[in-house]
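Following: one structure in structure tokens, then a few remarks.
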Amino acid sequence: MSTGGFFVIGATHHRAPLEVREKLSLAAATAEALRTEIAGIAGLHEFAMLSTCNRIEFYGVASHPDAATHVTAAFCARQNFDLAAFEKIRLSLRGRDAVQHLVEVASGLDSQMVGETEIFGQVKDAYAKAQERRSTGPVLNRLFQKGFQAAKHVRTQTAITEGQVSVANVAVDLALTIYGSLTDTRILLLGAGEIGEKTAKAFQSRGAAGLTVASRRFERAMELATTLGASAMPFEQSASRLAEFDIVVCATSAPEAVVTFPAAEAAMRKRPARPLFFIDQALPRDVEPTVAQLDNVFLYNLDDLAKIAEENRAARAVELVKARAIAAEKAGALWQQVAAQVAALAATGSASFSPSSLTRLPQPKTD
């Protein structure tokens, strides 16, 4: 692989299944160390890293043709992931194609659930972190800022976000299919982050009242429980009390499973006649896959939920074509604005990354 100028490399749900994305998922400490290492790559002048449940992507501006290759090698080494295996699933785009990809990602057009809106905030956060670390410059500042504007235009000028396109809504619909009504269901939320909170609110909006929150930080569980009008439970009790709940929403950032097969099996011995529904929204996964083998247990992970959401995509097929046409038009115009600047930078040689040398542009409001 040889890529100079503006590039994006990485791996996404399109070619990397859930079990592979788990191995590529970056822990916070690893991500910080990787950013520092990437900043030292010769010929790489600007970069930003986007890491979500469905993608790991590196956006960069380089003068050296091998800078992207070195980014890939650094990432695979940090994750102890075979470089040859990564090459088989990798995404690699440059120039105008990379710009269009950025716009489509921020618009939700490249998401596993096409039209979902959470990705817009995730891309903004990734850009903000890159700015804080002074790893962006004139090119990436313009591309991301104008890319956000283009993404908002795509979403407001089409109906691409209509329909049940979120993990939370799909999960609620599944629960209704299993239980018929949510009025008397008891729900346990493992993890008190944003994703779990959105799912909990989606359940409450459809009539669920019995909600309990458990988090490794009990004060955070108490805080979210107060916001939701729910109760809180020490995280350490969750395994022994699984039988008390009908629906378990798992959205922690734990590095390994927090719901094991023995714990789920013990719970079902106490409630063999009533279904137990696990919604695993975590990456790495919170629930051991073997739990799905238990009778009367339903386990859905991110890929499972996305497949169900795909059924709703047909109704938005026309809007998707329209949205991608708009994204392509915006990307073309944006690339024309920066192409000459990228070409000039690519011709400057292979000087090492130097955050202090970057010219930072003011960030416009995108809310």
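The values are calculated or read from the model by the stated rules, or taken from the named source; none is laboratory data. The model shown is predicted, which means the values in this text are computed figures rather than measured ones. Don't worry about glycine lacking a Cβ; one is built from the backbone with ideal geometry, like all the others, and counts go over all protein chains shown.
Considering only residues in the stretch 114-125 that are hydrophobic (A, V, I, L, M, F, W, C) and either surrounded by 23 or more Cβ atoms within 10 Å (Cβ to Cβ) or in contact with a strand residue (DSSP E or B) (Cβ under 9 Å, 6 or more places away or on another chain) (or both), the one that is nearest to Gln145 (Cα to Cα) turns out to be Val123. In the stretch 52-88, of all residues being among the aliphatic types (A, V, I, L, M) and surrounded by 17 or more Cβ atoms within 10 Å (Cβ to Cβ), the one that is farthest from Leu302 (Cα to Cα) corresponds to Ala62.
Of all residues in the stretch 4-19, at least one satisfies being over 30 Å from Asp286 (Cα atoms), outside any strand (DSSP E or B) and out of contact with any Leu (no Cβ under 6 Å at 6 or more places or on another chain).
Of all residues in the stretch 145-169, those satisfying the criterion of being under 15 Å from Ser111 (Cα atoms) and among the β-branched types (Val, Ile, Thr) are Val154, Ile160, Thr161, Val165, Val167.
One residue alone among Lys270, Lys307 is under 25 Å from Asp173 (Cβ atoms) and surrounded by fewer than 22 Cβ atoms within 10 Å (Cβ to Cβ), and that residue is Lys307. Read through the list (1) within 26 Å of Pro255 (Cβ to Cβ); (2) in a helix (DSSP H, G or I); (3) at pLDDT 90 or above, then give the number of the only condition that Ala150 fails. Unmet for Ala150, out of (1) within 26 Å of Pro255 (Cβ to Cβ); (2) in a helix (DSSP H, G or I); (3) at pLDDT 90 or above: (1). If you go through the stretch 114-132 and keep only what is within 13 Å of the chain's Cα centre (by Cα) and assigned to a helix (DSSP H, G or I), you end up with Glu118, Ile119, Phe120, Gly121, Gln122, Val123, Lys124, Asp125, Ala126.
The residues listed here are Ser111, Ser92, Ser135; of these, the one that is out of contact with any strand residue (DSSP E or B) (no Cβ under 8 Å at 6 or more places or on another chain) and either small (Gly, Ala, Ser) or not in a helix (DSSP H, G or I) (or both) is Ser111. The numbered conditions (1) part of a helix (DSSP H, G or I); (2) over 22 Å from Ser181 (Cα atoms); (3) within 25 Å of the chain's Cα centre (by Cα); (4) in contact (Cβ under 8 Å) with a residue 40 or more places away in the chain are all true for Thr290 except (4).
When the stretch 39-70 is examined, which residues are found to be among the β-branched types (Val, Ile, Thr), assigned to a strand (DSSP E or B) and over 14 Å from Ala126 (Cα atoms)? Within the stretch 39-70, Val61 is the sole residue that qualifies.
If you go through the stretch 237-254 one residue at a time, do you hit one that is exposed (fewer than 15 other Cβ atoms within 10 Å of the Cβ) and charged (D, E, K, R)? No.
The condition of being touching a residue at least 40 places away in the same chain (Cβ under 8 Å), under 30 Å from Ala168 (Cα atoms) and of a type in the set (S, T, N, Q) does not hold for Ser63. Scanning the stretch 181-213 for residues that are in contact (Cβ under 8 Å) with a residue 60 or more places away in the chain and of a type in the set (Ser, Thr, Tyr), which turns out surrounded by the fewest Cβ atoms within 10 Å (Cβ to Cβ)? In this case the residue turns out to be Thr185.
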